[in-house]
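The values are calculated or read from the model by the stated rules, or taken from the named source; none is laboratory data. As the structure is a computational prediction, the values presented were derived from the model and not from experiment. Here the Cβ is made from the backbone with ideal geometry for all residues, glycine too, and neighbour counts use every protein chain on show. The accessibility values were calculated without ligands, DNA or RNA, using every heavy atom of the protein model including side chains. Shrake-Rupley method; radii C 1.70, N 1.55, O 1.52, S 1.80 Å.
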Amino acid sequence: MNKTRTKRRQGAVAASPSAGAVLENEEIWKLLFAAWLIALGSTLSVLFIGEIMGQTPCVLCWYQRAFMFPLTVILGIACFRTDGAVWRYGMPLAVIGAAIAIWHTLVFTGVAPTALEPCGQGPSCSSENMTILGGLPLPPLAVGAFGTIAVLLHLVRKRINS
Amino acid sequence: MTRRTLVVLTVVIALSVFAAAGMWFTGKDMPTKRRDRS
């Protein structure tokens with residue numbers, strides 16, 4: 001009887017988080033929240049540019065959208081639940097999105113050969129329309145957004161594994 | 001304020017700003033058009 005009670009008490013102590021664990025949890029949530037804010041801001045910005053300003057996205061922009069939109073949803077849910085394990089799902093999306101954004105930046109700046117440009121028909125991947133706020137180019141901004149999200153998710157991973 | 005409340009509040013604010021910016025951007029010429037019609 002006494003043994004059972006002691007076990008229950010021990011279980012309760014183990015289940016209740018220590019001060020260190022709470023702080024760690026708080027840090028993980030802040031990192032997730034920052035990553036989610038970047039994804040949310042990027043998603044709403046590209047929707048604004050595409051749907052409201054009427055600037056048709058090019059092929060590479062569509063590929064990047066395909067990786068940014070799910071990030072917004074899964075990072076939002078992860079923030080809501082404080083689920084640090086989301087880095088396993090978010091990291092591949094962020095890294096692949098960053099790779100496409102780097103490719104787009106190289107095409108935009110003219111470093112990559114024209115043969116690598118997938119935008120044959122429709123809006124050009126390297127036109128001067130790819131700017132916002134008076135000349136700020138969109139492809140490097142996308143690299144920054146995907147890169148920052150990847151770094152933040154990496155920090156989440158480090159916090160969980162430590 | 002709990003974390004969950006903050007997340008929900010952020011969604012609400014972000015969508016409100018998006019909607020307001022959209023209305024501002026698409027409707028900013030409306031007063032001129034109305035004046036022309038009258």
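Once both labels are positioned 7 Å from their Cα atoms along Cα-to-Cβ, the gap between residue B:12 and residue A:69 label points is 2.7 nm.
Here the extension length gained between residue A:52 and residue A:124 equals 24.0 nm, from 0.36 nm per residue of separation less the Cα-Cα distance.
Panel note: contact residues of region A:16-46 (accessible area lowered by at least 40 Å² against the chain on its own; 1.4 Å probe) correspond to A:29, A:36, A:44. On the basis of the beta-carbon distance and an R0 of 35 Å, residue A:62 and residue A:18 show a calculated FRET efficiency of 0.15.
Between B and A, roughly 1400 Å² of accessible area is buried in total, ligands, DNA and RNA not counted and the probe set to 1.4 Å. For residue A:77 and residue A:89, the difference between the fully extended length at 0.36 nm per residue and the C-alpha to C-alpha distance is 3.1 nm. Between the amide H of residue A:132 and those of A:138, distances stay under 5 Å, these residues lying 5 or more places away or on another chain, with hydrogens modeled in the peptide plane.
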